[in-house]
Each structure stands twice: as structure tokens, then as C-alpha cells.
């Protein structure tokens, strides 16, 4: 290589190497300080695209867990109210049994029936008042005309501002009914729907004729005796609702466990793509730091080389 003044090729080479080493050092500092291997699309374009899709699914799964937990809270609210209704029905059956015996006079049965009707009114009040986040649970709004779980979707409509029919619980990342949501239907639990109290239908279907409803009143001995069967049916209907809710709560708890496992595994996959390996990056950082310091030292030496030409000119 010639000894020249106008162009210091050694300094240019040292500058280029310093620029590369310093850029790599900056990349190592960025990765170590952020903990991420991919901070911009330029780091790994394909990896960035995959990572963002994974992050979207992870966020959706975590929200699905919260949705399912909210549904469990709603079910527990309904079940708690049904537990109180259960107490009222038991008291009503106790009163009906009391009025069914012949040792009471008619005016005494009227007093017993007065409490019976108050219990029925309280059942209706509880059913109409029980709500979760403004959604009424026991007044029939969430009931379905179909008893089959697989057909509850046909009674649901979410096209309006307020959904109607069975409640749709969404927890998945997409909109596939087999994977991402299912329905909760809660039957009408008012006294009239259960067939007890003077707000219920006074007659029930019996072929082409109507017969007096057994749960309407216990003001007579016969009415009290007939009410026992109606109360048994009411308790059974209420128990069916509670059993359905309990089964759905167990299903939601299993769903939550599955969603948490999915989110955990997806987070692990996202971490392998996105997160920096600190041990490897620290090794690169030390290497780039040494190269940067070496390039700075060589650049300093290269900048002094043209002075040798000046010594020749002075000699």
C-alpha cells in the first residue's frame, strides 16, 4: 500500500469496522435493555408477524377467562336467589301440609293461606329483582322454548342492542360455536311460572277442559291437599334449574382451566420467538464492546500514519 496524504485508506477501513461494531453494540444494548429479540420489523419481519398474531390470541384468551369468570359469578348470583326461593317453597309446602289436615277451621286456613300467598309474592319479587350487571336472570328473559342445550342457539338473538333468549358466553379467539362460545338458559322462576300462589293460572290444561290449579290457594282443605302435588312439581322445576346452572358452572370452570393452559403455552411460544436470550446477548455485547474499543484504538493509530509522509518531506 502506498504512503499517501489525500486518502487515508487505513483510517477509512477502521472507520467502517468501527461503524459496524458500534451498530452491533447498539443492537445488543437495545435487546438487553428491552428484553426483546425483535423490537422492530427489520429485526425479523416474519417473526414479528407471527408474534403479533400470537399476542392478539393471548390477549383474547385472557379476556375469555375473564368472560367465563363473569359467567360463573352470574350463575352464582342466580343460584343464590334460587336458594332463597327454595326456602320459600319449603315453607309453602309446610303451610300446605298444615292446612291439609282437618283440625283447622276455615278462618284459620285463611290465615295460613295469607302467609302462603305472601311467600308466593316474595318468590315472584325475588325472581323479578335478581339481576347481574343489569341482566335479569330469573324472570324468564333468559329462558328457552327448547329444553335441549344444543338447540338453545335457536332462541338466542344478539342482533339488537339488547340480546334476547339464552345468554351467550363468548370466551374463544374466534367465532366457532364448537370452540368459542356456548349458551346459558335460565328458566322462569316466578311463582306463577312455578304454578303456585294466586298469581298462577287458576286452571291447568286437562284435555279439552280446565281443572283448578292445585297450587293456587290453600284456603280449603282440598285446595291444600292438591297444593302439595303442585309444590312438589314447583320444587322439582326449581331444582332442575339449579342443577342446570351447577353443571354449567362446572363446565365453565373446566373451560377456564383449558383457556389458561392455552394462553400459557401460546405465551411460551411467543416468548421463544420474541424474547432475547440474555446469556447469548450478553456474550455478543461483550464481544461487540471489545471490537468497538479495538476499532477506536486502530482508528486513532491510522489517523497518525499520514504524519510519516510529512517526516519524509521534512527530511
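Just one of (1) more than 25 Å from residue 200 (Cα to Cα); (2) surrounded by 14 or more Cβ atoms within 10 Å (Cβ to Cβ) fails for residue 88. It is (1). Of the residues making up the range 28-44, those that are without any contact (Cβ under 8 Å) to a residue 24 or more places away in the chain and part of a helix (DSSP H, G or I) are 30, 33. Of all residues in the range 252-276, those that are assigned to a helix (DSSP H, G or I) and in contact (Cβ under 8 Å) with a residue 24 or more places away in the chain total 14. Screening the range 18-34 for residues that are surrounded by 13 or more Cβ atoms within 10 Å (Cβ to Cβ) and over 22 Å from residue 295 (Cα atoms) and picking the one that is modelled with the lowest pLDDT gives 31. The single residue among 249, 260 that is touching a helix residue (DSSP H, G or I) at 6+ places or on another chain (Cβ under 9 Å), farther than 19 Å from residue 138 by Cβ and surrounded by fewer than 21 Cβ atoms within 10 Å (Cβ to Cβ) turns out to be 260.
Can you tell me which residues in the range 265-292 are farther than 30 Å from residue 62 by Cα and crowded, with 16+ Cβ neighbours inside 10 Å? Selection gives 281, 284, 285, 288, 289, 291, 292.
As a summary of the residue check, residue 73 satisfies the conditions (1) modelled with pLDDT of 90 or more; (2) within 30 Å of residue 311 (Cβ to Cβ) except for the one numbered (2). Beta carbons closer than 6 Å, at least 6 apart along the sequence or on distinct chains, pair a first residue in the range 299-315 that is under 21 Å from residue 15 (Cβ atoms) with a second that is not in a helix (DSSP H, G or I) for 306/5; 306/8; 309/3; 309/5.
Each row is one residue, and each column tells you yes or no for (1) part of a helix (DSSP H, G or I); (2) in the same structural domain as residue 167 (by TED's automatic domain parsing); (3) in contact (Cβ under 8 Å) with a residue 12 or more places away in the chain.
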residue: 17; (1), (2), (3): yes, no, yes
residue: 46; (1), (2), (3): yes, no, no
residue: 61; (1), (2), (3): yes, no, yes
residue: 66; (1), (2), (3): yes, no, no
residue: 95; (1), (2), (3): yes, yes, yes
residue: 119; (1), (2), (3): yes, yes, yes
residue: 123; (1), (2), (3): yes, yes, yes
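The values are calculated or read from the model by the stated rules, or taken from the named source; none is laboratory data. The model shown is predicted, which means the values in this text are computed figures rather than measured ones. Reconstructed Cβ throughout: ideal geometry from the backbone, glycine too, with neighbour counts over all protein chains shown.
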